[in-house]
Each structure stands twice: as C-alpha cells, then as structure tokens.
Amino acid sequence: MENTLRKRIFTAIHQNEPLENIQCLFNPASLKRNGPAAVCQCAKHGDFAAIQWLVKDCGLSANPQANRPRNNTVILTATHGHLVILKWLVNDCAQAVTPPFSSALLSAAQNGHLETVQWLLREGGSSLEEKDGQGCTALLCAAKEGHLETVKWLIKEGGASIGEQSCDNETAFLLAAAAGQLPTVQWLIKEGGASVNDSDRYGQAAVFQAANKGHFQTLQWLIKEAGARAT
C-alpha cells in the first residue's frame, strides 16, 4: 500500500499535475515517509509549486539528501536545467552550488544547459576552477558531450581557456575527438584556437583517440581537412 502511494506521488510530480492533486496525497504520516523523496523528485522534474509547498508550508528540508550527489536537489536542478528552482534553492534556501563531491556548474555544463551555466558563473557563485574527479572543468565536460553552444560561450564570453586540461592532460579538443563530437571538434580547430596535433599525457593525439573509438568521420576530417598527422 505504501509503495503504491509513493508511486502515485511520484507520478503526479513527473506529470506536473496541479498542486491540489499532489497535496491530496499527503497526510502527516505520508509526509514523513514520502516527503523527502518527493522534494528530490520535484527538483529532478521541475515542479516548482510542489517543492515550494513541501518546503515552505510543510516544513521539509529543501535538500533532504544533500550529501548524496545523485539526490542533491541543487545538483538535480542543474543537471536537468530547472533554473527557476535552482535560483530559489540557492538564493532563498541558502543551498550550496558546490556540495560535497559534486558541482552544479559541472552538472549543467555536462548536460548542455547553457542558461544555467551562465547564471551559475555570473550570479550563482560558481567558479571555472571547479573540477570533477578526473580533473575536468566545465569546458571539458561540455566538450566531451558535444554541447557546442556551451563550449562556444565558455570560451568566447565565460572566461574559459582552450588550454584547460584534465588529470591526463586531455584538452576540450582531445575529449571531443575521443567522443566523436565532430561539430565541436571542427569549431575548436577553426575558431576556438585548438592545436590539431595536441596529445595527452600518454602521447595520444586526437587522430589516435578518434580511431581508437571508431569515430571514422571525425578521423577523416582531422586528417583530410585539419591536416592532422596520420601517425
């Protein structure tokens, strides 16, 4: 019975049902059992009205699982690009944009939420110095996922450097090539200032990375159009 109720609550949040429908699913007992998880679901799925009600009117924490990156409400909103909720969590609920073992900026960049990246750097207190466990900055996270508009903004307006490197000396260009993100690779060479023959700490250049991962179109462009050394 309890699992059925929890599923119904989550479904209502996922489908962005009217707040009244969600409120009817809670009583003091179910609020205690299901409320914290519902707050996380609201952050993930962008239900601003419901999360405000749960926190402001019901007295629940705005970040009930703050030390768990996968369920941290700040990380969830940044990952899914729910900027209105993210602003509220940071400005009204005093939630940190760099909780333990995670970063709102890196999550937003990795998922291509440019507006969220812009706000975090301009007003949210994030820094271009933030890195993940592999030493990847926001620029590197965006490049390896092929989020070209985010890459462009970070380099042209956000203050990121084309020379930023991971722990293995991988640049945005090398990561994009290894992932077969051809449009990003092309822009980084043509306009971003990347060097086509850069290599990582193991001496592996972009052509090797692309070939090793089976990205033939990227490999072909690097050799035929960008003049990369084939060996």
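The values are calculated or read from the model by the stated rules, or taken from the named source; none is laboratory data. Given the structure is predicted, the values throughout are model-derived calculations rather than measurements. Cβ sites come from the backbone with ideal geometry, for glycine too, and all protein chains shown count toward neighbours. Surface accessibility is based on the protein's heavy atoms, side chains included, excluding ligands, DNA and RNA. Shrake-Rupley method; radii C 1.70, N 1.55, O 1.52, S 1.80 Å.
For the range 34-53, the criterion of being modelled with pLDDT of 95 or more, assigned to a loop (DSSP other than H, G, I, E, B) and either open to solvent by 60 Å² or more (accessible area, probe 1.4 Å) or of a type in the set (A, V, I, L, M) (or both) is satisfied by no residue at all. Hey, any hits in the range 55-69 for a residue that's at positive phi and touching a Ser or Thr at 6+ places or on another chain (Cβ under 7 Å)? Checked against the condition, which is being at positive phi and touching a Ser or Thr at 6+ places or on another chain (Cβ under 7 Å), the range 55-69 yields no hits at all.
Within the range 54-76, being surrounded by fewer than 24 Cβ atoms within 10 Å (Cβ to Cβ) and in contact (Cβ under 8 Å) with a residue 12 or more places away in the chain holds for Val55, Cys58, Leu60, Ser61, Ala62, Pro64, Gln65, Ala66, Asn67, Pro69, Asn71. All of Ala94, Ala104 fail the test of being open to solvent by 40 Å² or more (accessible area, probe 1.4 Å) and hydrophobic (A, V, I, L, M, F, W, C), apart from Ala94.
Of everything in the range 178-224 that is open to solvent by 30 Å² or more (accessible area, probe 1.4 Å), under 23 Å from the mean Cα position of the chain (by Cα) and not polar (S, T, N, Q), the residue that is farthest from Glu149 (Cα to Cα) is Ala179. Counting only helices (runs of 4 or more DSSP H) that fall entirely inside the range 63-178 and contain at least 2 residues that are of a type in the set (D, E, K, R), the qualifying elements are 114-122, 148-156.
Being open to solvent by 60 Å² or more (accessible area, probe 1.4 Å) and over 30 Å from Gly146 (Cα atoms) narrows it down to one residue among Asn27, Asn111; which is it?
Exactly one residue qualifies, and that residue is Asn27.
Kindly establish whether Asn16 is over 28 Å from Lys144 (Cα atoms), open to solvent by 60 Å² or more (accessible area, probe 1.4 Å) and touching a residue at least 12 places away in the same chain (Cβ under 8 Å). Judged against the criteria, Asn16 is a match.
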